[in-house]
Each structure stands twice: as C-alpha cells, then as structure tokens.
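Each value in this text was obtained by applying a stated rule to the coordinates, not by laboratory testing. Since the model is a prediction, treat every value here as computed from it, not as a measurement. Here the Cβ is made from the backbone with ideal geometry for all residues, glycine too, and neighbour counts use every protein chain on show.
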Amino acid sequence: MRYEAVIGLEVHAQLLTRTKAFCGCSTAYGAPPNTQVCPVCLGLPGALPVLNGEAVRLAVRTALALSCGIRPASRFARKNYFYPDLPKGYQISQFDEPFSDRGELEIEVGGVKKTVGITRVHMEEDAGKSHHSAPHSVVDLNRSGVPLVEIVGEPDLRSGAEAAEYLRTLREILVFIGVNDGNLEEGSFRCDANVSIRPVGETRLGTRVELKNINSFRFVEKAIAHEIVRQAEVLDAGGRIVQETRGWDEDTGTTFSMRSKEEAQDYRYFPDPDLPPLRLDDAFVAEVRGLMPELPEAKRRRFTGEMGLTPYAAQVLTVHPGVAAFFEEAAKRHAGAGHGPAGATSNATKVANFIQSEILGDVQTHGLDAKIPVSADQVAALLGLVDGGTISGKQAKEVYAAIAGTAEAPAAVVARLGMQQVSDAGAIESLCKRLIEQHPKQADQLRAGKVSLTGFFVGLAMKETKGSANPQLVNEALKKLLGPG
Ligand SMILES: [Zn+2]
C-alpha cells in the first residue's frame, strides 16, 4: 500500500533573558550545578513566582515573527507530573489559554515553497536536568525555571526533509530576532516530532509516534525517514502502530522504543493561583512589533536587491546575524570612503567577496556571538588600499593575514612590510623592457599578434616583483613596447 506521512513538530526554545521566568536567578549556561537556584525555582513552600517582563517581550516577538495572532488575555496553568528534575511537582505552562495562536512559517524544499501552519506559541518554564551516570543519577536545577517558548506546528509536514528545513528556518528566525541562541548541543533549542502515516487519500490521522531528544537537524531528517519506513512495514505486515515515544540511535540508524504512551498522561492542568492572567494590550504589542529586528529572508532580499549581491552570497553572509552585521558595517564604511569609480553595488560585492574568500573561514560562532578576527574598519581600509592601487588583490590577502587578530591598520602593515604595489610606470616599463630582451622568441610572437602571450609576460612581471606590480600598468607597458607596428 502507498502511505502518506503526517509530521508535526514541537519546538522548545529558551528565551535569552538574563534571569529566569519567575525569579531573579541567572540563566547563564555552564555554571557549577545547583548554584543558580532560589526558593522560587526550587519550589520551596510559600515561595511566590513573579513573571519576568523581558521574557514576555521575547515571547511576543517570537509569535509576531511567526505571524501569530496575539491574544489580549492569557493564563498560566500548572501542568502536574512527578519527575526528579521538577521539584515543585508541576511545571508552569500555558494550556487552553495561550498568549498567541494561528501563525505560519514558509519553508522551501527542493525549490518548492510551502507554508506550514503554526498552531500556537506559548510560554512555559524549563525543568532541571538529570544526569545519569551509573550507579548514581544526580539532578542540576540551574535550568529549572528558565523561560521557554513552545512553538507547536500544525501536522503539515510530509517528509523528514521538510521537517529538517522547517527546523532550520525556525531556528534561523529565532536567532536573527535575538530571542534564542539556537544551540542544539546545549539544549536551548529542542525538538520533538510527532510522526504518523496513513494510506494516500485517507483524511483521518494514523496512530502517532513521538520522536524525542534528537539534537541535530540531520538526525531529525534521518529519524523521521526511518520511522516512516518502519511504520509502513508494520502496517503492511498486518500489525498496528503502538503509540509510544521513540529515540534515535545514530550508530544503527534506527529508532528505538523509549516508553509506551498507550495511556494518555493526565496532567491535571489548572490555572496557577499564584499568577494573575497575562494581559497584552495593543500598545504593548505595537511596541514589540516596532522593535522587531529584520528577519533573515528580508535581509537576503535587501542584500540581493539594494546591494546587488548574488543569491548565493546573500545566503552565505546570513549564515549568522553577527556575520551579516559585520558585512553591512564593512560595506557601509567602504562605500563611505568613496573608493573606486563604480557605485555602491560594486563596493558591496567587493566587500562580500573578500569576506567570503578570506575571512569567513576564520569566524567562530557560539550562540549569538561571532568572533571575527578583524574589524569592519580594517576591512574597509584594506579594500580601499586595493581600490586606490596601493596594493594588489593578492597582497591584500597577505595584509589580511597580518592584521587578523590585531588592531593594526592595513596601511601600517603595508608600510612595515614594504609591500606597496609598484605603480611607478617608468619602473614597470624598464622591467618589461628587460623581460622582452630575455625572451625574444615570445616577444616576437606577441608582436606578431599572439595576444595570449601577454599573460606570459604579466606572469613574469608578477614573479619578479613578488606580486607587487600593478597588472594594469604592466599591460600598458607591454602594449607600448610590443604594440602593433
Ligand atoms: Zn530562582
């Protein structure tokens, strides 16, 4: 039988606040265990939660970026369950009254665009973290109470590739609007996938399996693809799909059962009596909307449209918000210095090319931070030296290597290394004269019209001057010395 897969994703993303959702404890990652805790996030009796306003702003920004509607009144609920990393015995979440709903996200897979529905975005708090290392299990509660948004997607996805692209697109948006650091390894961006299959043409949903704890987009894609095949084999053999939670084993390339979900867990949600309803008035929503950073897709459109970059360059330079900002700053400074005869478009392309070919390989990113070994000023000044004919493009690479990791001005390096491009027409002409005398046969052929030999002499001139001869002047000298006649 032919089947169609139905996939819906739930993403938990930590909001980049300095303090937790309902107390003043730090959210910094990597502190010694249980050092960032207080009576509120430890769930001690009598401690009262106070909602973090910055978390609300970031959550609303997330929902708006996904075109969700914002509900003027919403409510926090207690989701009751027992687990060692949840000292209160309940998680503060939003249940039947989330602060936003009905959004969408556009993805593109294999050149085909697709709009995926967003059911809702709601706020909740994170739990602590259990560490299992036999014979003991220990709990770190530093993460307990860190603010999250849960982004619930509609079951609109039909393949592992679509699911992976949805996650990449969503992660990119969250990182570019500064609400999440997108760090899958540290667990600040986590995804669960609900996967079911049904015969093609069937409208009812099949029994779904939840894939959990998969910490890379590539693994999500592979796990879903495997799960679709596994479920089809079960049904074809006359079996039935068991509702369960499964994990992904990268070594065997298969999913495995973690726990059965046959009996739906009853979380006994009820409104949290310690927290008043959350009211978001129009003025607040308008303010958050007004401060929305540029979305990555809009940035790429501007890079290709206004700035004249190729779609590929625009894609590469938006690999990280820090890189995109660096490119824009360097292009602005380079254009501002008024180098080159051409307009701003060509300047932006020069800067884009240099960043892609020389700098990008040296950039280190971690979360929202990007470590770039030179400043935008240095890049603009360096390319200015090329535009002005002081150094060649080849020498620019050497100057970059010298200034990388330092605050040195490119001009200072050029002076220190004595690598000024030879732009003295007289000196170049006498060099060319000498080269012609040394290679009379090639000179005669060039004189006779074999123009491809121009490259031969330019190459020799570059070798003689260690790449510092101005190639345009070499060409002109050759034309003058060997020109027609
Ligand atoms: Zn606390």
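If one computes P(r) from the Cα atoms of the stretch 430-485, what percent of pairs lie at distances over 17 Å? Provide the component values of the computation, followed by the final result.
Values: 378 of 1540 pairs.
Of the Cα pairs, 25 percent sit more than 17 Å apart.
On full extension of the chain, what length is gained from Ser260 through Glu4, given 0.36 nm per residue of separation minus the C-alpha to C-alpha distance?
So the chain would gain 89.8 nm between Ser260 and Glu4.
Take every Cα pair under 8 Å in the chain that's 6+ residues apart, average their separations, divide by the length, and report that relative contact order as a whole percent. Intermediate values should be presented prior to the final figure.
Working: 880 pairs, mean separation 63.2, N = 485.
Rounded, it is 13 percent for the chain.
Only helical DSSP H runs with n ≥ 4 go in: add -39500 (n - 2.57) per run for the chain, normalise by residue count and round the 222 nm mean residue ellipticity to 500 deg cm²/dmol. Display every interim value, and only then the final one.
Details: 16 runs with 183 residues, N = 485.
Mean residue ellipticity at 222 nm (helix-derived): -11500 deg cm²/dmol.
What does the charge add up to near Lys394, with Lys and Arg as +1, Asp and Glu as -1, over the other residues with Cβ less than 13 Å from its Cβ?
Result for the neighbourhood of Lys394: +1.
Among Met1, Met307, what is the fewest-to-most ranking by other Cβ atoms within 10 Å?
Met1, Met307
Which of rounded, prolate or oblate describes the stretch 212-345 when judged by the alpha-carbon gyration tensor and an a/c cut-off of 1.5?
Since a/c reaches 1.5 but b/c is at least a/b, the shape of the stretch 212-345 is classed as oblate.
Let me check the size of the chain from its C-alpha atoms; what are the radius of gyration and Dmax in Å?
30.2, 100
Express the C-alpha Rg of the stretch 185-288 as a ratio against the empirical globular expectation 2.2 N^0.38 Å, rounded to two decimals.
Numbers: Rg = 18.9 Å, N = 104, 2.2 N^0.38 = 12.8 Å.
Cα Rg divided by the expected 2.2 N^0.38 Å: 1.47.
Send over the Kirkwood Rh of the stretch 3-283, from the inverse of the averaged 1/r over different Cα pairs, rounded to one decimal Å.
Numbers: mean 1/r = 0.0505 Å⁻¹.
Over the stretch 3-283, the inverse of the mean reciprocal pair distance is 19.8 Å.
Placing one identical point scatterer on every Cα of the stretch 294-416 and ignoring solvent, what is log10 I(q)/I(0) from the Debye formula at q = 0.10, 0.14 Å⁻¹?
Summing over Cα pairs of the stretch 294-416 leads to -0.28, -0.56.
Between the alpha-carbon centers of the stretch 351-416 and the stretch 37-83, tell me the distance in whole angstrom.
45
Beyond 15 Å, what share of the Cα-Cα pairs of the stretch 1-91 is found? Please give it as a whole percent.
73
Could you tell me the center-to-center distance, by alpha carbons, between the stretch 108-134 and the stretch 300-334 in angstrom?
Cα centroid to Cα centroid, the span is 28 Å.
So what are the three principal axis dimensions of the stretch 381-472 from its Cα atoms, in whole Å, longest to shortest?
Taking the Cα atoms of the stretch 381-472, the three principal extents are 51, 21, 18 Å.
Enter the Cα centre distance for the pair the stretch 170-212 and the stretch 7-32, rounded to the nearest angstrom.
18
Under 28 Å from the Cα of Lys332, which lysines turn up, not counting those fewer than eight places away in the same chain?
Cα-Cα hits under 28 Å: Lys299, Lys350, Lys371, Lys394, Lys397.
Run through the stretch 1-96 and list the trypsin sites (Lys or Arg not before Pro) located in a DSSP loop whose Cβ has at most 11 other Cβ atoms within 10 Å.
Numbers: sites: Arg2, Arg18, Lys20, Arg57, Arg61, Arg75, Arg78, Lys79, Lys88; in loops: Arg2, Arg18, Lys20, Arg75, Lys88.
For trypsin sites (Lys or Arg not before Pro) across the stretch 1-96 that sit outside H, G, I, E and B with at most 11 neighbouring Cβ atoms in 10 Å, the list reads Arg2, Arg18.
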